[in-house]
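**Student:** Provided herewith is a single structure, encoded as C-alpha cells, for subsequent inquiry.
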Amino acid sequence: MNLVEGLRIALTALAANTMRSVLTTLGVVIGVAAVIAMVALGTGAQRDIQANIAKLGSNLLFVAPGQAERGQIWRAFGSAETLPVSEAMRIRAEVPEVAGVAPELNRNAQVKYGSLNGDFRIVGTLPDYNFVRSAKFEQGKFFTRLDEEGRRRVCVLGYAVWERLFPNGGWAVGKRIKIKSIPFTVLGVLTERGGYGREDEVIVMPLSTYRQRLDNSRYVRLIAVTAREGVDNAAAEAALRKWLRRQHRLRPGEPDDFSFASQQDILNTVQESSRIFTLLLAGIASISLVVGGIGIMNIMLVTVTERTREIGIRKALGARRRDIQLQFLTESVVLSVFGGGLGVALGVWLANLVKSFGLNAYVSTSSVLLAFGCAAGIGIFFGYYPASQAGKLDPIQALRYE
Amino acid sequence: MSESPVTAARATLELRGISKIYDTGAERVAALGGIDLTVQRGEFVSVMGPSGSGKSTLMNILGCLDRPTDGQYFLDGEDVATFEDDALARVRNRKIGFVFQSYNLLPRTTALQNVTVPLKYAGVAHDEQLRRASAALALVGLSDRAHHKPNEMSGGQQQRVAVARALVNNAAIILADEPTGNLDTRTSEEIMGLLQQLNDQGVTIAMVTHEEDIARHCRRIVRFRDGHIEHDEPVGDRRILAPRREG
Ligand SMILES: Nc1ncnc2c1ncn2[C@@H]1O[C@H](COP(=O)(O)OP(=O)(O)O)[C@@H](O)[C@H]1O
Ligand SMILES: [Mg+2]
C-alpha cells in the first residue's frame, strides 16, 4: 500500500468523524498559534530595540568608572569613583581622536510644575551632549556654552517628563519648573526615544549648574564620547584608553580602572536578553503544543480501540502490520498537520491583532516553518504508539472484537 | 500420503496432523486434535458439526489467520505454517477470500470502496481498483448498490458485497464461516447460488454451516466432532441452483 492510498484511507476515516477530528486538532491549533504569536511578539520587541539603539548613532562610545566585562558596562555605572569631572573636561582638548565629550552626573530629584510633580533622573552634562547623543527637539533647543559657563538655571526636558508636566501638550519653552524647589527655565523638549532604559524620563541641565545646585560630586558616572569624523570607533577607544591610563598612572599589566562600551556592545547585550525572552515565550507556548500532541495520542488510542474490528477485517484481507501502522500514523499526522496549518493561520492573525494594538510583532518564516514542523513531528511522535498498538493486533482476536 | 512436490500439483489445501490447543491458563482446550484433510482444486466442501467442535478454528488455520500448535499445512505446496506474519498477510491477500457470518464490511464505507480494500493491499493502481471492484459487484448483481453503505443494504446484499470482496483479487480459494448464518432461506439460497457459480468457474470453496439443506449445495461434507473428523463423504443428492441474475 502506498502513501497516497494511506492518505485516502486516513482522510476517509477522519471525514467520517469530522467534529471529533476538528476538536482533536484544536490543541495543536492553539499550540502552533501560540508559538507563532509569541515568537512574533518577541521578534517584534527585538526589532524595536534595535531600531531605537540605532537611532542613538553608531560612532558613540561610553566610558564608565570601575572595571567591568565588556558588554556588562551598565552594571558598573557609577559604581566607582575613578573618573574625576576635571579629567573628563580635558578629554576634548587632549585626545584629538575624540570629537565630542559629554560627561554625565545624575541623580533623582523631585520636580514640580504648578500642581503637577514627579520624581525624575536629573542629568548634568556639557553642551556636547546635544550632538554626541544626537538629540532632537520637540520644542526649543539645547543649552549652550554660555549657559554652562554662567551656571544658569536652565534645563531640557525628556519627552516623558514633558508629557507628565505638560499633559495637554502645552508649550514648555520659557516656563519655569522647580527641581528640588529651585526654579529652572525650560529651554527645550527632547523628542521621544522610546524603548529601553527609560531614556525619556530625564531632565538635562548644564554640568556646572548641576554641581552647584544639586550634587557637588567630583566624579562622573558616565562619559559619552563620539569619534572624530574619519576615525573609527576602535581607534578612538584605543587613544582614549591610552590617555586615561596615563592620567591614572597605571603601569603596564595593571587592569583598567574604567570600562568601555560601544553602541554595538549594548546592542549585543540587549539582543541577547531579548533573544532569551523570545525563547522563553516560545518555550511556554510549545508546552501547549505538547499538550495538543497528547490530545491527539488520546484520541488515536480511542480510535484504535473503536476500530479493532476494522483492523481485523483489513488484516484478513491482506493488510500487513506496517500497513495498519502506516494507516493510523497517517491519520495522526494528517490531524496534526491540519492543526498546524490552522494554527499558522491563527498565529499570523493573532500577531496582526497585536500589531493593531500598537505593539510590534513580526512573523518570521523560520518560526512558521518551525512551528509547522513541530506539529508534524508531534503527529508522528504521539501517533506512533497508538499506530503500533493497532499494527500488533491479532487478526482473529480483532475480528471477534464486539 | 505422497510427498509435497507431487501433491502440490493436485491439492490446493493439505493439512497433516494439524492440532490447535488453546491454553487459557485454567485449562487446555484441544480445539483440533491432529487433523488430516486434503481439499483438491475446484472442490466445494462443507464443514459441519456441533458447536465447539473446532470448525471455526479449522477455517482460521486454513485462512492463514491463525497458526496451528502442531502439524503441517501445505497451501499450493508451500508449508505456510512456517511463514512469517507478513508472508501470511500476502497469502491471505493473493490466494484467499473470506466470507464471514456477520459480513464484516467496513462501516460508513460504500460497497464499492469495501470491495477495493484487498486491492489496496495488493498494490493495484487506483483506477484499476475501481474497475475491478465494479466488475466484482456486477458479478454478484449489485452494480446499482455500488455507492450504498452497509447500513443502507439488506443482509443478503451485504453478504453479496462480501463475496464480491472475496473474489475481487482473483482468489483461488474462498473460505466462508457460516455465510448464511444470519440470512433467511431465500437469501441463503441466493448466496449459495453465487458460491456454486464461482465454484463452477474453478474457485475452491470451503464453508462452515449448521444446516443440512445448505450443506447439500456443496460437493463434499466433512463432519467434525470434538476436534476430529468424524465423517468425510461426497454429497449424494446435490442441489444445483440456477444462477440468479438480479439487482
Ligand atoms: N481463543 C480461544 N481461546 C480459548 N478457547 C477457544 C478459543 N477459540 C476457540 N476456543 C475453543 O475451541 C473449541 C473450538 O472452537 P470453535 O473452533 O470456535 O468451534 P466451532 O466453530 O465449531 O463452534 C471450543 O471449545 C472453544 O471454546
Ligand atoms: Mg464457529
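**Student:** With each pseudo-label sitting 7 Å past Cα toward Cβ, what's the A:D232-B:T38 distance in nm, one decimal?
**Tutor:** 9.6
**Student:** Can you compute the charge dipole magnitude of the range A:102-223 about its Cα centre, using +1 on each Lys and Arg Cβ and -1 on each Asp and Glu Cβ, nothing else charged? Give it in debye, rounded to the nearest 20.
**Tutor:** Computed about the Cα centre, the dipole is about 420 debye.
**Student:** May I ask for log10 I(q)/I(0) of the range A:83-135 at q = 0.16 Å⁻¹, from a Debye sum over the Cα atoms as equal point scatterers with solvent left out?
**Tutor:** -0.60
**Student:** Hey, another quick one. Name the residues of the range B:39-65, by number, that are at least 20 Å² less accessible with every protein chain in place than in the isolated chain; the surface is that of heavy atoms, probe 1.4 Å, without ligands or nucleic acids.
**Tutor:** Residues losing area: B:N60, B:L65.
**Student:** Note down the Stokes-Einstein diffusion coefficient of the range A:70-172 in µm²/s, whole number, using a Kirkwood radius over alpha carbon pairs, 4 °C, and 1.567 mPa s.
**Tutor:** On the way: Rh = 15.9 Å.
My calculation gives 81 µm²/s for D.
**Student:** Ok, one more. What do you reckon, how do A:D147, B:D127, B:D237 stack up by accessible area (1.4 Å probe), largest on top? Show your work: numbers first, answer last.
**Tutor:** Working: A:D147 15, B:D127 115, B:D237 95 Å².
Listed by decreasing accessible area, they come as B:D127, B:D237, A:D147.
**Student:** While we're here: Need one number: convex hull volume per residue for the range A:161-215, Cα atoms only, in Å³.
**Tutor:** Spread over its residues, the Cα hull of the range A:161-215 gives 98 Å³ apiece.
**Student:** Quantify how strongly other chains surround peptide B:89-96 by giving the mean number of their Cβ atoms within 10 Å of each of its Cβ atoms.
**Tutor:** Values: counts 12, 2, 1, 7, 7, 1, 1, 3.
The per-residue average across the peptide is 4.
**Student:** At a temperature of 10 °C and a viscosity of 1.306 mPa s, determine how fast the range A:166-263 diffuses translationally according to Stokes-Einstein, using the Kirkwood radius over alpha-carbon pairs as Rh; express D in µm²/s, rounded to the nearest whole number.
**Tutor:** Working: Rh = 17.4 Å.
Rounded to a whole number, D works out at 91 µm²/s.
**Student:** On to the next question. What do you reckon, how do A:W243, A:W349 stack up by accessible area (1.4 Å probe), largest on top?
**Tutor:** Heavy-atom accessible area, descending, gives A:W349, A:W243.
**Student:** Still on this model: Please compute one quarter of the surface area of the Cα convex hull for chain A and express it in square nanometres.
**Tutor:** 28.2
**Student:** In terms of solvent-accessible area of protein heavy atoms at a 1.4 angstrom probe, what is the ranking of A:R320, A:R90, highest value first? Could you put the intermediate results ahead of the total?
**Tutor:** Details: A:R320 60, A:R90 90 Å².
Final ranking, largest accessible area leading: A:R90, A:R320.
**Student:** Enter the accessible area per residue of the range B:110-151 (Å², integer; probe 1.4 Å; all protein chains in place).
**Tutor:** I get 41 Å² per residue for the range B:110-151.
**Student:** Under 1.5 on a/c is rounded, so check that first for the range A:120-185, then, if it is not, pick prolate when a/b is larger than b/c and oblate when it is not; a ≥ b ≥ c are the square roots of the alpha carbon gyration tensor eigenvalues.
**Tutor:** Taking the square roots of the gyration eigenvalues as a ≥ b ≥ c, the range A:120-185 is oblate.
**Student:** With 5 Å bins from zero, work out the P(r) of chain B over every alpha carbon pair and list the percent per bin.
**Tutor:** 1, 6, 14, 18, 19, 16, 13, 8, 4, 1, 0
**Student:** Could you give the accessible area per residue of the range A:102-223, probe 1.4 Å, as a whole number in Å²?
**Tutor:** Heavy-atom accessible area per residue stands at 47 Å².
**Student:** Bins of 10 Å, beginning at zero and ending with the bin holding the largest distance: percent of Cα pairs per bin for the range A:218-288, please.
**Tutor:** 15, 32, 25, 14, 11, 3
**Student:** Provide a list, ordered by number, of residues in the range A:285-320 showing at least 30 Å² less accessible area with every protein chain present than when their chain is taken on its own, using a 1.4 Å probe.
**Tutor:** Correct list: A:R309, A:I313, A:R314, A:A316, A:L317, A:G318, A:R320.
**Student:** If you don't mind, there's one more thing I want to ask. Would you compute, from DSSP H runs of 4+ residues alone, the mean residue ellipticity of chain B at 222 nm, taking -39500 (n - 2.57) per run and dividing by the full residue count, rounded to the nearest 500?
**Tutor:** One gets -10000 deg cm²/dmol as the mean residue ellipticity at 222 nm.
**Student:** In the range B:116-158, what residues drop by 10 Å² or more in accessible surface going from the chain by itself to the full protein assembly, probe 1.4 Å?
**Tutor:** B:V117, B:P118, B:K120, B:Y121, B:H126, B:Q129
**Student:** Could you work out what % of the accessible surface of chain B is carbon and sulfur, using a 1.4 angstrom probe and leaving DNA, RNA and ligands out of the count?
**Tutor:** On the way: 4960 of 10510 Å².
Its accessible area is 47 percent carbon and sulfur atoms.
**Student:** If you line up the Cα atoms of the range A:291-337 on their principal axes, what length do they span on each, largest first, in Å?
**Tutor:** Result for the range A:291-337: principal-axis Cα extents of 36, 19, 12 Å.
**Student:** Expressed as a whole percentage, what fraction of the accessible surface of chain A belongs to carbon and sulfur atoms when a 1.4 Å probe is rolled over the protein heavy atoms?
**Tutor:** Looking at chain A in its full context, I get 57 percent from C and S.
**Student:** Determine how large the accessible area of A:Y362 is when every protein chain is in place; take a 1.4 Å probe and give Å² rounded to the nearest 10.
**Tutor:** 90
**Student:** Same structure again: For the range B:127-247, divide the Cα radius of gyration by the Kirkwood radius and give the resulting Rg/Rh value with two decimals.
**Tutor:** Working: Rg = 15.1 Å, Rh = 15.3 Å.
Over the Cα atoms of the range B:127-247, Rg/Rh equals 0.99.
**Student:** Along the principal axes of its C-alpha atoms, what lengths does the range A:283-402 span, in descending order and rounded to whole Å?
**Tutor:** 63, 22, 20
**Student:** Now a separate question. Diagonalise the Cα gyration tensor of the range B:82-191 and give the resulting equivalent ellipsoid semi-axes, square root of 5 times each eigenvalue, largest first, whole Å.
**Tutor:** Values for the range B:82-191, descending: 22, 17, 11 Å.
**Student:** While we're here: Taking both sides together, what accessible area is buried at the B/A interface, probe 1.4 Å, expressed in Å² and rounded to the nearest 100?
**Tutor:** 2100
**Student:** Right, another one. Between rounded, prolate and oblate, where does the range B:131-192 land on the alpha carbon gyration tensor, with a ≥ b ≥ c its root eigenvalues, rounded for a/c under 1.5, else prolate if a/b exceeds b/c? Present the calculation step by step, with values, prior to reporting the outcome.
**Tutor:** On the way: a/c = 1.99, a/b = 1.15, b/c = 1.74.
Oblate is the answer for the range B:131-192, as a/c is 1.5 or above yet b/c matches or exceeds a/b.
**Student:** Only four residue types carry charge here, +1 at the Cβ of Lys and Arg and -1 at the Cβ of Asp and Glu. Report the dipole size of chain A about the Cα centre in Debye, rounded to the nearest 20.
**Tutor:** It comes to approximately 580 debye.
**Student:** Is the range A:102-223 rounded, prolate or oblate when judged by the Cα gyration tensor, a ≥ b ≥ c being the square roots of its eigenvalues, rounded requiring a/c under 1.5 and prolate requiring a/b larger than b/c?
**Tutor:** It comes out rounded by the Cα gyration axes.
The values are calculated or read from the model by the stated rules, or taken from the named source; none is laboratory data. Just so it is clear, the structure is predicted and the values come from calculations on it, not from any experiment. Cβ coordinates were reconstructed from backbone atoms using ideal geometry, including for glycine residues, and neighbour counts include every protein chain displayed. Keep in mind that these areas ignore ligands, DNA and RNA; they rest on the heavy atoms of the full protein, side chains included. Shrake-Rupley method; radii C 1.70, N 1.55, O 1.52, S 1.80 Å.
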